[in-house]
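*Asks:* Please find one structure pasted underneath; my questions will follow.
We did not get these values from a lab; they are worked out from the coordinates using the rules stated. All figures in this text were calculated on a predicted structure; none of them were measured in a lab. Note that each Cβ is placed from the backbone with ideal geometry, even for glycine, and that neighbours are counted across all protein chains shown.
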Amino acid sequence: MGAQNTSVSASLDSQVTSRFWLGVALDVPIDAVFDYFHDEPVAVGCRVIVNFGRRKVIGVVVSNPDQPNFAADKVKAVDEVLEDTPPLSTQWLDMARFAASYYQRPLGEVILPVLPASLRKLSAYTGKLAAGGPVARLAKRKVRALAKVASDVPPQLNDEQTAAAAAILDTGSANTILLFGVTGSGKTEVYLDAALKVLARGKQVLFMVPEINLTPQFELALRRRLQHNDGEYELAVLHSGLSEGQRLRAWLAISSGQAKVLLGTRLSIFTPLPDLGLIIVDEEHDTSYKQQEGLRYSARDLAVWRGHQAGVPVVLGSATPSLESWAHAKAGRYKLCSLTHRARAVSMPDITLIDTRRAQLEQGFSPQLLKAIQHSLDQEQQALVFINRRGYSPVLNCSSCGWVSQCTRCSAYTVMHRSPIGRSYLQCHHCGFQTPTPKHCPDCRDQDLKPMGRGTQRIEEFLAEHFPAARIIRIDADSTRRKGEAEALFAQVHAGEVDILVGTQMVAKGHDFANLGLVVVLNADTMLFAQDFRAPERLFAQLMQVAGRAGRHTGGARVLIQTEYPEQSVYQSLIKHDYAGFAHNALAEREAIALPPFAFQALLTAESKELAVALSFLTAARDLPQKFNPALPGTEQVRLYDPVPLRIVRVANVERAQLLIESTHRPSLQLFLRAWGFELHQLGREHKVRWVLEVDPLEI
Ligand code: ADP
Ligand code: ZN
Ligand code: ZN
């Protein structure tokens, strides 16, 4: 694995026999690869310790140039070449390069942050504790063997499942497959069937899920099936909830090829898989696949790219595909496989809209809803009450002077919460600020402070009063904050120890509940009129997914959705279970006004203590192309909108505004962003703002 194109320069210091030039990527916000040298060849993909400024840092060798870019006599030697892991492969580096270029980030800021911390933090290699580095220490550590799980026998696949599994592995056609299967249609069995065939050929499988909470369910399904085929295909799991040691172990097991299946959340897309044979992206429409900080990548889109690069199939599975993926499938770029009915040959749930304009509500519940829950209890079935708002109530209000609980640091209300011991406090969901709930109005001192509206806690409280015999649990971000809590709560539901489950979107996706016969939805309308053009798509997907938790094993389930706008087309498509109809209309609307997927977008967001500063930076950024025209490539195809403040303009005393960039031609947008992004660095320094450029933003 010698370096190529090495140069031996006799004109240099005679002490130095040979210098092998290295281009090294570092995790610094400078769009450059840095020159170093070593007295022996170092392969591309190796990790090295180098001096940068006054610090020592870990970097990755990304090139072996003939000559440095920098004056050769100023180039420093690398400190140490780390040989405790194999070099990152060229394929892996190509993916990192693609991500850096597509998402407009310096290469080093892509490569290093996606490595397990102990492979990129110098502290793992310095000091007595770290003698030999993290990998050496791991090797010494005994690994606790996993408890065996009982294997299970795969069900006989139905015709649609069989066809889908065959289509995935049919290499003769498009390698991206959109597996469009209604909720409960048995997509998991299709994934497993295809995965086992790929494993049997000695290849690796990457299986991505949108949420940590879904990993235990799939881990169990995979382990049962992998054992059944007694092939000892080792399974590694990767998500952000792991300890550093666990994460490093999983990474090493997969990147060495020892483990054959990687189950993980979005970050797993950046794991080296030397024998990659198949990528599965479950619930591909889920916005959790988009990273919202640092490198703002879409793991789904990178999966498609990676599958293409490696020449392996990529399965995108969903009952409600993203309109982007649906449009690709309709245009023939993806292969469309449909599962049109439920695998256990049971009916789809019956979805009913309840018009709340004419209903007498009790704590947000119409009489039909309460009756349906009572009926569900009588039938000894489980009911799910879905409300996408956590806490007790979204705002506290003084009925005598009109004071409302407002975060002092954000342009948002503080939400009333109850702590587990019953203490009441106000919390800002944007900056995290917390304060005890005041006993009287801070303005007029009146004691009559009223919680306005309802969140999961208040719903739970009401249901407990109304159905005193029912066993009720709540699953939301608050009830599952500690490690293992979510898993324990879901286990209770699966064990039948729960009658009524109150939950946010956390419970809506992916879970296969056996005995859930009723789903009721409380505040769906709040999403209907959101400003984002994707709001209807999200609402449709979310309601379809939550409805899909009902009646998966026995059928005959009901879904009741309360709304003041039953005539809206989102709801009308929903009651017919008509994703295709919904998508057709939504795509026609998008096409008419040239929105994604018929246009490509980027979003420049600026942050400053003063809104005027953020806006003036954005205005200057918008005007840059005019100044540079026609020097900025792509400009004539790109449209820049006027800068606008964000809907929640202030968070933690920082004002935020953004500028939308759009083009119907993706390469033009990319060309433009590269040139423009380069100019933004200087402009940002002049205006003293923090800014971030996001490509393919999901929220506008
Ligand atoms: P999806 O992910 O498409 O919503 P699942 O994969 O969770 O659906 O499958 C729904 C249920 O149907 C699961 O309980 C699963 O075990 C069962 N199932 C799937 N395929 C079959 C089959 N061919 N025969 C019988 N049961 C099946
Ligand atoms: Zn008051
Ligand atoms: Zn706040």
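*Asks:* Below 17 Å, Cα to Cα, which lysines can LYS439 reach? Residues fewer than 8 away in the same chain don't count.
*Replies:* Excluding near neighbours in sequence, the set is LYS450.
*Asks:* Further, regarding this structure: Quick one: net charge of CYS431's neighbours, Cβ under 15 Å, K/R +1, D/E -1? Intermediate results must be reported in sequence, preceding the final value.
*Replies:* Details: positive: ARG409, LYS609, ARG650, ARG656; negative: GLU607, GLU655.
Overall, the nearby charge balance is +2.
*Asks:* Report the one residue of LEU528, ALA588, GLN545 whose Cα lies farthest in the direction of the positive end of the charge dipole of segment 520-618 (charges on C-beta: Lys and Arg +1, Asp and Glu -1; origin at the Cα centre).
*Replies:* So the residue we want is GLN545.
*Asks:* Shifting gears a bit: Could you tell me which GluC sites (Glu not before Pro) in segment 550-625 are loop residues by DSSP with no more than 10 other beta carbons within 10 angstrom of their beta carbon? Spell out each step's value before the answer.
*Replies:* Numbers: sites: GLU564, GLU567, GLU589, GLU591, GLU607, GLU610; in loops: GLU564, GLU567, GLU610.
In loop regions of segment 550-625 (DSSP not H, G, I, E or B), the sparsely surrounded GluC sites (Glu not before Pro) are GLU567.
*Asks:* Could you derive backbone 3J(HN,Hα) for segment 84-95 from the dihedral phi with the Karplus parameters 6.51, -1.76 and 1.60 (θ = phi - 60°), listing whole Hz in sequence and x where the residue is Gly or Pro?
*Replies:* Karplus values, whole Hz, x for Gly and Pro: 7, 10, x, x, 5, 6, 5, 4, 5, 5, 5, 5.
*Asks:* How would you order 204-210, 218-224 from highest to lowest mean count of nearby Cβ atoms within 10 Å?
*Replies:* Numbers: 204-210: 25.1, 218-224: 19.0.
With the highest mean Cβ count within 10 Å placed first, the list reads 204-210, 218-224.
*Asks:* What does the charge dipole of segment 600-695 about its Cα centre add up to, to the nearest 20 debye, if the Cβ of each Lys and Arg holds +1 and the Cβ of each Asp and Glu holds -1? All intermediate terms of the calculation are to be shown ahead of the outcome.
*Replies:* Details: 12 positive and 10 negative charges, 38 e Å.
Approximately 180 debye in magnitude.
*Asks:* Let me ask something else about it. Considering only the chain, what is the antiparallel percent among its DSSP beta bridges, to the nearest 5?
*Replies:* Values: 56 of 108 bridges.
Bridges in the chain are about 50 percent antiparallel.
*Asks:* Considering only DSSP beta bridges where both residues belong to segment 374-513, give the percentage that are antiparallel (nearest 5). If you can, show how the numbers build up before the last one.
*Replies:* Details: 14 of 22 bridges.
Close to 65 percent.
*Asks:* Sum up the charges of everything whose Cβ sits under 12 Å from the Cβ of GLY555, counting Lys and Arg as +1 and Asp and Glu as -1, but leave GLY555 out. Present the calculation step by step, with values, prior to reporting the outcome.
*Replies:* On the way: positive: ARG342, ARG344, ARG552, ARG558; negative: ASP350.
Net of charged neighbours comes to +3.
*Asks:* Within a Cβ distance under 12 Å of LEU178, other residues only, what is the Lys/Arg minus Asp/Glu net charge?
*Replies:* Every neighbour counted, the sum reads +3.
*Asks:* Still on this structure, please answer the following. Over the C-alpha atoms of segment 448-495, what are the Rg and the largest Cα-to-Cα span, Dmax, in Å?
*Replies:* According to the Cα coordinates of segment 448-495, Rg and Dmax are 13.1, 43 Å.
*Asks:* Could I ask something else about it? Roughly how many nanometres apart are two label points built 7 Å out from the Cα toward the Cβ at LYS439 and GLN258?
*Replies:* Placing both labels 7 Å along Cα→Cβ, they lie 6.2 nm apart.
*Asks:* In square nanometres, what is one fourth of the surface area of the convex hull spanned by the alpha carbons of the chain? Could you put the intermediate results ahead of the total?
*Replies:* Details: hull surface 140.1 nm².
Over every viewing direction, the Cα hull of the chain projects on average to 35.0 nm².
*Asks:* May I have the convex hull volume per residue, in Å³, for the Cα set of segment 159-339? Present the calculation step by step, with values, prior to reporting the outcome.
*Replies:* On the way: hull volume 20.3 nm³, N = 181.
Dividing the Cα hull volume of segment 159-339 by its residue count gives 112 Å³.
*Asks:* In a solvent-free Debye calculation with one equal scatterer on each Cα, what is log10 I(q)/I(0) for segment 600-695 at q = 0.13, 0.16, 0.25 Å⁻¹, listed in the order of the q values?
*Replies:* -0.40, -0.60, -1.29
*Asks:* Separate question: Once you charge only the Cβ atoms, +1 for Lys and Arg and -1 for Asp and Glu, what is the size of the charge dipole of the chain about its Cα centre, to the nearest 20 debye?
*Replies:* Working: 76 positive and 72 negative charges, 277 e Å.
The calculation lands at about 1320 debye.
*Asks:* Let me ask something additional. If packing is taken as the average number of other Cβ atoms within 10 Å across a peptide's residues, how do 468-480, 36-48 rank, most packed first? Could you put the intermediate results ahead of the total?
*Replies:* Values: 468-480: 17.4, 36-48: 19.6.
So the order, starting with the most tightly packed, is 36-48, 468-480.
*Asks:* Still on this model: In terms of Cα to Cα distance under 18 Å, which lysines are near enough to LYS609, apart from those fewer than 8 places away along the same chain?
*Replies:* Those lysines meeting the cut-off are LYS688.
*Asks:* Now for a separate question. Using only the alpha-carbon atoms, how far is helix 187-200 inclined from the longest principal axis of the chain? Give it as 0 to 90 degrees, nearest 10.
*Replies:* Approximately 30 degrees, to the nearest ten.
*Asks:* Lysines within cross-link reach of LYS290: Cα-Cα under 19 Å, excluding same-chain residues under 8 positions apart?
*Replies:* Within the straight-line cut-off, LYS290 pairs with LYS509.
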